[in-house]
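The values are calculated or read from the model by the stated rules, or taken from the named source; none is laboratory data. In this text, all values refer to a predicted model and were calculated from it rather than measured experimentally. Ideal geometry is used to build each Cβ from the backbone, glycine not excepted, and the neighbour counts take in all protein chains shown. For accessibility, only protein heavy atoms count, side chains too; no ligands or nucleic acids. Shrake-Rupley method; radii C 1.70, N 1.55, O 1.52, S 1.80 Å.
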Amino acid sequence: MSVRMGLPLLQLAAAVAGGLFIWTFLEYTLHRFLFHIKTKSYWGNTIHYLLHGCHHKHPMDGLRLVFPPAAAAILCLPFWNLMKLLSPPSVAPTLFGGGLLGYVIYDVTHYYLHHGKPSKGITQNMKRYHMNHHFRIDDKGFGITSTFWDRVFGTLPPAKAAEKSR
């Protein structure tokens, strides 16, 4: 759609990158403030368990790792409207597409971090970081595909905790 509306290639690439960047922020904020919300009521606890608590209780269950497609589809509407609000009409579809690409990268990465067996490098560090969130300090390390927002908002786990998980 953006190409048909005349968006130049450089702006197209920038909009995809912008959508990816926006996704990383959504990934962090949803994980930190929605999926780790403190609840006290029966219904609050039940909803929290269904949204994310079951994932922390059974982190190696392959059926509980990807964000449910129906929930993702529901979240697409406000995300699309946000992109239309934040950008010109020719940019919004590509910004939205970049965000969707970020979501797919997140889901695939998250699944790999739980079930893949990286032996070295970036993926091994990402797995260590995420497993630390599950098994050591669940109130830190909310980024899945990046530590950027954990650094920005001070939720990066202490280096000693990360070293212990090696």
Count of the stretch 1-20 residues which are outside any loop (DSSP other than H, G, I, E, B), more than 12 Å from Ala92 (Cα to Cα), of a type outside the set (Gly, Ala, Ser) and out of contact with any Leu (no Cβ under 8 Å at 6 or more places or on another chain): 2
Residues that are surrounded by 16 or more Cβ atoms within 10 Å (Cβ to Cβ), at pLDDT 90 or above and under 21 Å from Gly6 (Cβ atoms), drawn from the stretch 59-115: Trp80, Ser87, Ser90, Val91, Ala92, Pro93, Thr94, Leu95, Phe96, Gly97, Gly98
Every residue from the stretch 16-40 that is touching a Phe, Trp or Tyr at 6+ places or on another chain (Cβ under 6 Å), open to solvent by less than 50 Å² (accessible area, probe 1.4 Å) and either modelled with pLDDT under 85 or among the acidic types (Asp, Glu) (or both): Glu27, His31
Arg151 modelled with pLDDT of 90 or more and open to solvent by 40 Å² or more (accessible area, probe 1.4 Å): yes
